[in-house]
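The values are calculated or read from the model by the stated rules, or taken from the named source; none is laboratory data. As the structure is a computational prediction, the values presented were derived from the model and not from experiment. A quick note on method: Cβ atoms are made from the backbone with ideal geometry, for glycine too, and the neighbour counts reach across all protein chains shown.
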Amino acid sequence: MPQSDPNNTIDAAHTIARPVRAALIVTKALDEKARRLGDEVCRFLESEGVAVRCVENAPHAMPAAESPVPRALRDAPGPDSIIVLGGDGTMLSVARHPEVFRIPLIGLNLGKLGFLTDLCPDRWRDGLRSLVAGKYAVNTQMALQVEVFRPADDGEETIYAGRVVNDVVVNRGDLARLANLEVIVDGFSLDCVRADGIMVSTPQGTTGYAVSAGGPLVHPKLESITVTAICAFLNRFPPMVLPPESTVTIVPRPSTTDLFLTLDGQEGFPVEEGDRIVVTRASQDLAFVSLYEETYLQRLVEKGFLGGADPASTNKRCSQTEDY
């Protein structure tokens, strides 16, 4: 197994996986570099005896039901792993599909930060050889289920139901006016918060928008749901870390601004006064391939979240020359 530091050990939460005999490659939407590299990765895996299918990820404008990723998973026997060529955004887009849950995902970073990815564009063959040989581990991460209910003549109607990997955000529209949002946890109303918005995050998601909004970094082994107010008026709503079985409900109250619901920063739509945005833990966890014996804290330092380091100078895996 490739090692970033031979003195480290994989966390006990990881589980050893099987050799990969079939793989689905998903390339970043509308990206020629990703397409070319996808073809190269496909040929390499086929030379290693792996049955491969390669599809291009859907653009954000395409409805999830029409995405080629779930279609590919429905049309053929399930792959042992899904290899995503793109940045963290592409990883999130692929991981949100219900058909993907429990299939180990590994990312080849073509973006900037690459917090969710293990492979680099100039050093991926050794990692894929380890994947094929079963010399890797699987790290499971919780996801969130989101349902939006709207008042109707006969009670309520469900206008949205889906999963998110990082976060659910209810925030104000174009005008710089505070939203008025009631936050309810397990049926108990905490407050009507005046803020730019409210964010509900997974532990994995706390390294995204949440930490920029003043939320805590939560270790993925601490399964939990984090609620963070975005620029709350008078800072009256501090970040909260809740048990994973919690139900968080956000209800827009009378306000002077438009409101939007955003899912993983990629999908969104307007919400109205009286809507109920209900967030719970998803019934199935996500699975991510871990090739390197690297702790969560090491990754935070490597990616620049801690220690003030430049991510470009600390990403040792991407700075080495690959041995072909």
Subject >> Members of the range 173-222 that are over 13 Å from Thr249 (Cβ atoms), surrounded by fewer than 17 Cβ atoms within 10 Å (Cβ to Cβ) and among the polar types (S, T, N, Q) >> reply: Ser212
Original post:
Out of (1) at pLDDT 95 or above; (2) crowded, with 18+ Cβ neighbours inside 10 Å; (3) not assigned by TED's automatic domain parsing to the domain that holds His219, the odd one out for Phe149 is which?
Top reply: (3)
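Give Leu261, Leu300, Leu242 a once-over and let me know the one that is among the aliphatic types (A, V, I, L, M), farther than 22 Å from Pro104 by Cα and surrounded by fewer than 19 Cβ atoms within 10 Å (Cβ to Cβ).
Working: Leu261 fails: surrounded by fewer than 19 Cβ atoms within 10 Å (Cβ to Cβ); Leu300 fails: farther than 22 Å from Pro104 by Cα.
Checking each option against the conditions leaves just Leu242.
Can you pull out every residue in the range 87-126 that is on the phi > 0 side of the Ramachandran plot and crowded, with 18+ Cβ neighbours inside 10 Å? Break it down stepwise before answering.
Taking the range 87-126 and keeping what is on the phi > 0 side of the Ramachandran plot, we get 102, 114.
Within the range 87-126, just Gly114 meets the criteria.
Quick one: is Val50 closer than 18 Å to Phe288 by Cβ and aliphatic (A, V, I, L, M)?
Details: closer than 18 Å to Phe288 by Cβ: no; aliphatic (A, V, I, L, M): yes.
Criteria not met by Val50.
State all residues of the range 260-270 that are under 25 Å from Pro203 (Cα atoms) and not in a loop (DSSP other than H, G, I, E, B); if no residue qualifies, say none.
So the first thing to find is which residues in the range 260-270 are under 25 Å from Pro203 (Cα atoms), and the list is 260-269.
Within the range 260-270, Phe260, Leu261, Thr262, Leu263, Glu267, Gly268, Phe269 meet the criteria.
Can we say Pro6 is at pLDDT below 85 and not assigned by TED's automatic domain parsing to the domain that holds Leu131?
On the way: at pLDDT below 85: yes; not assigned by TED's automatic domain parsing to the domain that holds Leu131: yes.
Criteria met by Pro6.
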**OP:** Output yes when any residue across the range 34-48 is part of a loop (DSSP other than H, G, I, E, B), assigned by TED's automatic domain parsing to the domain that holds Tyr292 and surrounded by fewer than 20 Cβ atoms within 10 Å (Cβ to Cβ), and no when none is.
**Re:** yes
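Picking from Ser283, Ser290, which residue would you name as being more than 20 Å from Val193 (Cβ to Cβ), touching a Phe, Trp or Tyr at 6+ places or on another chain (Cβ under 7 Å) and among the hydroxyl-bearing types (Ser, Thr, Tyr)?
Step by step, each of Ser283, Ser290 is checked, and only Ser290 is more than 20 Å from Val193 (Cβ to Cβ), touching a Phe, Trp or Tyr at 6+ places or on another chain (Cβ under 7 Å) and among the hydroxyl-bearing types (Ser, Thr, Tyr).
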Subject >> Filtered residues of the range 127-145 (kept if part of a loop (DSSP other than H, G, I, E, B) and surrounded by 21 or more Cβ atoms within 10 Å (Cβ to Cβ)) >> reply: Tyr136, Ala143
Subject >> Every residue from the range 161-217 that is in contact (Cβ under 8 Å) with a residue 40 or more places away in the chain, assigned to a loop (DSSP other than H, G, I, E, B) and small (Gly, Ala, Ser) >> reply: Gly173, Gly187, Gly208
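Among the candidates Asp39, Asp75, single out the residue that is farther than 29 Å from Glu302 by Cα and at pLDDT below 90. Explain how you work it out, then say what you get.
On the way: Asp39 fails: at pLDDT below 90.
Checking each option against the conditions leaves just Asp75.
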Subject >> Selection from the range 156-200 of residues that are farther than 25 Å from Ala282 by Cβ and out of contact with any strand residue (DSSP E or B) (no Cβ under 8 Å at 6 or more places or on another chain) >> reply: Asp174, Leu175, Ala176, Arg177
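Which ones in the range 223-239 are crowded, with 17+ Cβ neighbours inside 10 Å and in contact (Cβ under 8 Å) with a residue 24 or more places away in the chain? Quick ask: steps written out before the conclusion?
Going residue by residue through the range 223-239, those that are crowded, with 17+ Cβ neighbours inside 10 Å are 223-230, 232, 237, 239.
Hits for the range 223-239 are Glu223, Ile225, Thr226, Val227, Thr228, Ala229, Ile230, Ala232, Phe237, Pro239.
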Subject >> Unmet criterion (only one of (1) under 20 Å from Ser201 (Cβ atoms); (2) not in a loop (DSSP other than H, G, I, E, B)) for Leu116 >> reply: (2)
**OP:** Starting from residues that are surrounded by fewer than 21 Cβ atoms within 10 Å (Cβ to Cβ) and in contact (Cβ under 8 Å) with a residue 12 or more places away in the chain, keep the ones in the range 74-83 and report whichever is farthest from Arg21 (Cα to Cα).
**Re:** Arg74
**OP:** Just give me the residues in the range 84-107 being within 21 Å of Val52 (Cβ to Cβ) and among the aliphatic types (A, V, I, L, M), in sequence order.
**Re:** Val84, Leu85, Met91, Val94, Ala95, Val100, Ile103, Leu105, Ile106
Original post:
Looking at (1) assigned to a strand (DSSP E or B); (2) within 20 Å of Met91 (Cα to Cα), can you tell me which one Tyr292 breaks?
Top reply: (1)
